[in-house]
Amino acid sequence: MPNPLFSIQNLDMRTNRQSPNLADSKPTQHVLVDQVVDYQGNFLDLLQAHSIQLQFGQNNSDGVNTALLTRLSGLGSAVTMANPPEQSLTEGTTVVAVRYQDGVMVAGDRRATAGNVVMHDRADKVLEIDEYSVMAIAGAPAVAYEMARTLEHSFQYFRRSQLQELSIEGKIRMVSRLIRDNMSLALQGIGGVIPILALFDPSYLADSSASTSAGRIFFYDVLGAQFETVDFATSGSGSVWIRGVLHYLDRWSDTPLAQMDLNQATNTVLRLLDTAAEFDAATGGANVKSEIYPIIKTITQEGVQGLPVEQIRQTYQNAVLSRAMA
């Protein structure tokens, strides 16, 4: 007998039947008959050998994709197995980080979507990890928030157990590891997170020979590879609309990003997020009526600080609305 490549176990469900000999009859609700079949070849050939036709890609009246499994012999009955409708996952969108003269500014819109549905319009996508670290999230908030909690507790544990801060390299590698551990969900399209990690390194202030700024920005791909950018980084569905604008401003504007003060940087990120909201349905713009504005946080020598809502509202009125109505 040839060596079987695999075995298929056929479980035949039979209903209770009345035995001709009533004395020997035993009431049985279900009988499972195990039949092991040795077979060499692929699965579709095996179905054909047993007169079973498999059809994919048919849509029923509800638009649900189904698979038809029809036995061509015997009673010729067809069994339809409908795949459950896919549930759209809640996702967060556009975030941006820019390096300005005092450190790094990180901003994000507030909209969280599931497909074409707005699930939440007050989502926080700019998460403080420790005194000098901020992670801006784009992707599945459930996974991103768990990553942020893991990072926060890990940094705290290292600081309390080793009596010193975790190094910059250690922080960025820990984020890479968490993204890599989430790769299976990301490749399935149900839990991908593409974060931006912004840091401020106080050790650079004491090093006059340092060739880079104390504010540092890292972005990642879905496999966990990290890349350090010089002046700005964006992530999310609306990032494609503002990345070119950032490059233009940084290279040809009168004031490059790294030379902007706090007010100029705030004006810039608010205009950028408003531009992303104009062209990307998944990015939420400011809602003046509901007092919903983007979240903006800065990372400087003084640590992580969030801009007050009143300051953001006033800046938005002056830098965005007044220019748009002019």
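Derivation of every value follows stated rules applied to the coordinates shown; laboratory data play no part. These figures come from a predicted structure and were not determined experimentally. All Cβ positions, glycine included, derive from the backbone under ideal geometry; neighbour counts span all protein chains shown.
Against the definition (surrounded by fewer than 18 Cβ atoms within 10 Å (Cβ to Cβ) and either of a type in the set (Lys, Arg) or in contact with a Phe, Trp or Tyr (Cβ under 8 Å, 6 or more places away or on another chain) (or both)), how does Lys297 come out, yes or no? Considered against the rule, which asks whether it is surrounded by fewer than 18 Cβ atoms within 10 Å (Cβ to Cβ) and either of a type in the set (Lys, Arg) or in contact with a Phe, Trp or Tyr (Cβ under 8 Å, 6 or more places away or on another chain) (or both), Lys297 comes out as no.
Scanning region 278-294 for residues that are of a type in the set (Val, Ile, Thr) and touching a Phe, Trp or Tyr at 6+ places or on another chain (Cβ under 9 Å), which turns out farthest from Ala112 (Cα to Cα)?
Quick first cut of region 278-294, residues of a type in the set (Val, Ile, Thr) only: 283, 288, 292.
Narrowing further to those that are touching a Phe, Trp or Tyr at 6+ places or on another chain (Cβ under 9 Å): 283, 288.
Details: Thr283: 8, Val288: 18 Å.
If we take residues in region 278-294 being of a type in the set (Val, Ile, Thr) and touching a Phe, Trp or Tyr at 6+ places or on another chain (Cβ under 9 Å), then Val288 is farthest from Ala112 (Cα to Cα).
Apart from one condition, Thr315 fits all of (1) of a type in the set (Val, Ile, Thr); (2) outside any strand (DSSP E or B); (3) under 13 Å from Ala107 (Cα atoms); the exception is (3).
Just for strands (runs of 3 or more DSSP E) wholly inside region 104-206: which have at least 1 residues that are exposed (fewer than 12 other Cβ atoms within 10 Å of the Cβ)? Reasoning before the result, please.
Numbers: elements: 112-114, 117-120, 126-130, 133-136, 196-200.
Answer list for region 104-206: 117-120.
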